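Data block below; observations after.
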Amino acid sequence: MSNRSFSEALRSSVAEAAATRCCLGFLLTSCRLSAAFSHFKEISDLMISAIQFGMTIDQHTMPDGSVGIMWAKHWNSNGLAQRHGERARHPHLFPDYWAQAAAEIECWVYPLPALGDFKVWLQEVYLPEKYPAYIAKKTREGAIDASRATLLLSALSSGATDEKGEEWKE
């Protein structure tokens, strides 16, 4: 299989993108999602926004790692297990053509009652405080053009612009 980015797969074929998305762990089919959630699935809107603004999503650029590390730190430092129950490990699958496929990586899945806390943390902490640094790093690495990165961050902070930075009118 070619070394195509997730972005290219999404743009070229909806069916292929769905298969890639599943391989990436967004859909944890062997996990009881009625009792747990994964940040992979919960950041799918963030990923789609990044792709729409021109970010290449591939084995080198995948915000799930950044979100997962920061959320896990927040989870531990705020004692959320005492409030919501313990989190569990779940296999994280990657496409065969990604270097990560050779590793046996596990991600955390969290008790469903913590989903509200995650969404608040994502909107109030990660997006305004952590995501800009992630985007700046990815801009330096060439995964997204600087002007598009600025538009992406602006759109996410206001939620009221399209990919050209123009306000949406209802």
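Considered as a group, the residues in segment 48-77 that are part of a helix (DSSP H, G or I), touching a Leu at 6+ places or on another chain (Cβ under 9 Å) and not hydroxyl-bearing (Ser, Thr, Tyr) include one that is farthest from Pro95 (Cα to Cα), and that residue is His74. Scanning segment 36-87 for residues that are in contact with an Asp or Glu (Cβ under 7 Å, 6 or more places away or on another chain) and over 23 Å from Ser147 (Cα atoms) yields His39, Phe40, Leu80.
Checked against the criteria, Asp96 counts as part of a loop (DSSP other than H, G, I, E, B) and of a type outside the set (S, T, N, Q). Every condition in (1) assigned to a helix (DSSP H, G or I); (2) buried (at least 19 other Cβ atoms within 10 Å of the Cβ) is met by Cys107 except one, and the failing one is (1). Among the residues of segment 128-144, those identified as in contact (Cβ under 8 Å) with a residue 12 or more places away in the chain and either within 19 Å of Asp45 (Cα to Cα) or touching a Pro at 6+ places or on another chain (Cβ under 6 Å) (or both) are Pro128, Lys130, Tyr131, Pro132, Tyr134, Ile135, Lys138, Ala143, Ile144.
Quick note: the coordinates plus some simple rules give every number you see, no bench work behind them. Since we're looking at a predicted model, the values are computed, not measured. Please note: Cβ atoms are built from the backbone with ideal geometry, for glycine as well, and neighbour counts cover all protein chains shown.
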